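J.: Please find one structure pasted underneath; my questions will follow.
The values are calculated or read from the model by the stated rules, or taken from the named source; none is laboratory data. These numbers come from a predicted model, not from an experiment. Neighbour counts are summed over all protein chains in view; Cβ atoms, including those assigned to glycine, are modelled from backbone coordinates with ideal geometry.
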Amino acid sequence: MTSNFNGFLRQATNSERLKRQRSSTFRDKLSLYQTAHMKYPYTLPALEYAYDGLEPHIDEQTMHLHHDKHHQAYIDHANEAVGKYPELQKADLVTLLAHLDELPDDIRTALQSNGGGHLNHALFWE
């Protein structure tokens with residue numbers, strides 16, 4: 001099973017289409033590091049490749065749905081939680097997540113789920 005998965009990853013990440021779509025212009029986009037240390041309001045990082053860049057393994061429609069809708073929902077809910085507390089808006093997302101036990105009770109779970117979901121998805125797109 002592992003060798004099949006590794007083969008899939010190699011094939012998906014080494015596809016000619018994906019190689020053609022990567023260029024130095026994409027290096028100016030939001031990186032995972034920048035996303036992790038982003039302050040409120042959080043924004044959706046742009047993909048560094050076309051939505052169809054992972055086909056045939058992940059189709060364009062699924063990528064649009066997952067990036068534009070699902071990931072955006074995590075961001076919207078994280079912004080909603082942090083938006084209630086102006087003093088928290090000065091801290092970056094990683095700092096807030098690292099200190100969940102110090103956050104107000106009414107937003108702790110929302111930020112853990114949605115802020116964490118935002119970072120996990122940003123990692124996935126990289």
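J.: Answer with yes or no whether Lys84 is in contact with a Pro (Cβ under 9 Å, 6 or more places away or on another chain) and without any contact (Cβ under 8 Å) to a residue 40 or more places away in the chain.
T.: For Lys84, the condition - in contact with a Pro (Cβ under 9 Å, 6 or more places away or on another chain) and without any contact (Cβ under 8 Å) to a residue 40 or more places away in the chain - is met.
J.: Something else about it: Right, Gln61: under 12 Å from the mean Cα position of the chain (by Cα) and polar (S, T, N, Q) or not?
T.: no
J.: Kindly indicate the residue of the stretch 41-56 that is farther than 25 Å from Gly116 by Cβ and not charged (D, E, K, R) and also farthest from the chain's Cα centre (by Cα) among those meeting that condition.
T.: Within the stretch 41-56, the match that is farthest from the chain's Cα centre (by Cα) is Pro56.
J.: Right, next: For the stretch 15-88, give me every one of the helices (runs of 4 or more DSSP H) that falls completely inside it and has 1 or more residues that are surrounded by fewer than 17 Cβ atoms within 10 Å (Cβ to Cβ) and modelled with pLDDT under 90. Quick ask: steps written out before the conclusion?
T.: Details: elements: 16-21, 32-36, 60-64, 72-83.
Per the criteria, 16-21, 32-36.
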